[in-house]
Amino acid sequence: MFARYNMGAAARAELSECPGFNDSFVVTSLTVPGFKDLAVAAKNLIERRGAAIVVALGMPGRAAIDKQCAHEASLGIMQAQLMTSTAILEVFVHEDEADDPAELAAVMENRSRAHARNAYWMIFAPDELARRAGQGIRQGFADAGPLPGT
């Protein structure tokens, strides 16, 4: 709810374009008050609803305390992954990644969609990820590209 953009809607829109949507897989979503609530929500999606993978979307603010809280939330998400032996893709967009609201919205849209697609590939098409290894692909901003000689 704290996020200034509906990242979940962007992720669901991306997944709706994937082969097998509502046939081979169903998207279940859960909205939480803030990113600090993501770890337990993800754990519950896995343990109570049988999620094969979780995309945890959140927007930390620009203040130092927000960055500290995001770090702590990240640790919780990692712990939930270890407790459930299930991948939870943490997708945070920090409010200070862009000063222009339109650019920030574009980053949030792109990163949410890209990680939703990554989650799909992890389950249904892992070769797609392997094919992109070492390419400097970024979510949110322009790709960095591979290093010379690779």
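The values are calculated or read from the model by the stated rules, or taken from the named source; none is laboratory data. All values derive from a computational prediction rather than experimental measurement. Heads up, the Cβs are rebuilt from the backbone with ideal geometry, glycines too, and the neighbour counts pull from every protein chain shown.
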Qualifying position, being in contact (Cβ under 8 Å) with a residue 40 or more places away in the chain and small (Gly, Ala, Ser), among Ser85, Ser112: Ser112
Which residue, of Ala80, Ala102, is more than 27 Å from Pro19 (Cα to Cα), in contact with a Lys or Arg (Cβ under 8 Å, 6 or more places away or on another chain), assigned to a helix (DSSP H, G or I) and not charged (D, E, K, R)? Ala80
Scan the stretch 77-89 for residues that are closer than 19 Å to Ala114 by Cβ and either loosely packed, with under 12 Cβ neighbours inside 10 Å or among the aromatic types (Phe, Trp, Tyr) (or both) and report the count. 0
Restricting the stretch 46-76 to residues that are under 15 Å from the mean Cα position of the chain (by Cα) and within 18 Å of Thr28 (Cα to Cα), which is surrounded by the fewest Cβ atoms within 10 Å (Cβ to Cβ)? Ala52
With Ile46, Ile65 as the choices, which residue is farther than 25 Å from Ala102 by Cα, β-branched (Val, Ile, Thr) and at pLDDT 95 or above? Ile46
Starting from the stretch 8-20, take each residue that is at pLDDT 95 or above and list its partners that are assigned to a helix (DSSP H, G or I) and of a type in the set (Asp, Glu), counting only C-beta distances under 6 angstrom and pairs at least six apart or across chains. Ala10/Glu109
Checked the stretch 5-19 for anything outside any helix (DSSP H, G or I), of a type outside the set (Phe, Trp, Tyr) and touching a helix residue (DSSP H, G or I) at 6+ places or on another chain (Cβ under 7 Å); matches are Cys18
Phe92 meets each of (1) without any contact (Cβ under 8 Å) to a residue 60 or more places away in the chain; (2) over 18 Å from Val32 (Cα atoms) with one exception, condition (2)
Counted residues, the stretch 26-41 - those being surrounded by fewer than 16 Cβ atoms within 10 Å (Cβ to Cβ) and either in contact (Cβ under 8 Å) with a residue 60 or more places away in the chain or of a type in the set (Lys, Arg) (or both): 0
